[in-house]
1. Around Asp87, under 13 Å between beta carbons, what's the net of Lys plus Arg minus Asp minus Glu among the other residues?
2. Cα-based Rg (one decimal) and Dmax (whole number) for region 70-172, in Å?
3. Could you tell me the convex hull volume per residue, in Å³, taken over the Cα atoms of region 126-184?
4. Pairing the Cα long axis of helix 105-114 with the longest principal axis of the chain, what angle in degrees results, from 0 to 90 and rounded to the nearest 10?
5. Average projected area of the Cα convex hull of region 12-101, in nm²?
6. Taking H placed 1.01 Å from N in the peptide plane, check which residues at least 5 places from Asn44 or on another chain put their amide H under 5 Å from its amide H.
7. Tell me the label-point distance for the pair Arg38, Gln172, using the 7 Å Cα-to-Cβ offset, in nm and rounded to one decimal.
8. Where does each of 81-89, 27-35 land if you order them by average Cβ count within 10 Å, highest first?
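Laboratory data are not the source of any read-out in this text; all were calculated from the coordinates shown. None of the values given here were measured: they were computed from a predicted structure. As a convention, Cβ positions derive from the backbone with ideal geometry for all residues, glycine included, and neighbour counts pool all protein chains shown.
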Amino acid sequence: MSPDGSPVRAGLLPERAIIAIDGPAGAGKSTIARHLARHFGLLNLETGAMYRAFALKVLRKGLPLDECGVLEALAAETTIRLEPGDDENRVLLDGEDVTGQIRNPTVTDAASRVSVFPAIRAWMVRMQQQMGANGGVVMEGRDIGTVVFPHADVKIFLDAAPEVRGQRRFDQLGPKAAAQPEEVIRELHKRDERDRNRADSPLRPAPDAVLLDSTCMTLDEVVKAAENIVEKRLGLAESMP
Ligand code: DC
């Protein structure tokens, strides 16, 4: 144990570690996860992209987003794979690269809707556990530290005030933003509510997660803070010159 009671596992090789990054939409999880993966030489896995890919398939087939049996049957004949990409994961839905088709508002909303069903979550969690089984991953989502890898070596819950997250999301969209900032904030808030209040695996910090609130921090500061958390938890800080 470290002086603050955290379970430092000195000697654990970062390349075997599992780092869980959870938090609401727009908190900066992807940016931080991507950075940590590069910095520590790990694979970055964006689990939200898997829910998005499945939602895309449901929409393409014109199926209802709220009928569990229909969704479960579709899941049984669906394969989703994540591959490392330069910037974001490449997402393969039944072998087709759908990376460029899963970030629009319709798919975003549908992903949040299909993710409330326990059968869909159980299927996703199984795939995610297989992908991270050998360690060496930064896995980012809503339930990584609570459900997918409750024994993850490092858990960070990244949060920020809703208006700040909405504004960041709006800025990120740039000229592609079809909506006004207020509308982006409203949509984000709606999705948050659904993700936080669903019965199965609601978005919440694991009891042993380190909370990182980026509301008043610059990106550089958040990156540095996240790096420090990982180094401390993995016991790397002590062994550094
Ligand atoms: O992280 P994201 O915005 O790409 O996620 C899209 C939706 O997928 C999100 O609103 C809820 C769902 N999701 C989830 O339920 N569990 C995860 N581990 C990741 C995403």
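1. Cβ neighbours under 13 Å give a net charge of 0.
2. Spelled out, the Cα radius of gyration and Dmax of region 70-172 are 15.0, 39 Å.
3. Taking only Cα atoms, region 126-184 has a hull volume of 127 Å³ per residue.
4. Tilt of helix 105-114: around 80 degrees.
5. Its average projected convex-hull area is 7.1 nm².
6. Under 5 Å from the amide H of Asn44 lie the amide H atoms of Val138, each far enough along the sequence or on another chain.
7. 1.6 nm
8. 27-35, 81-89
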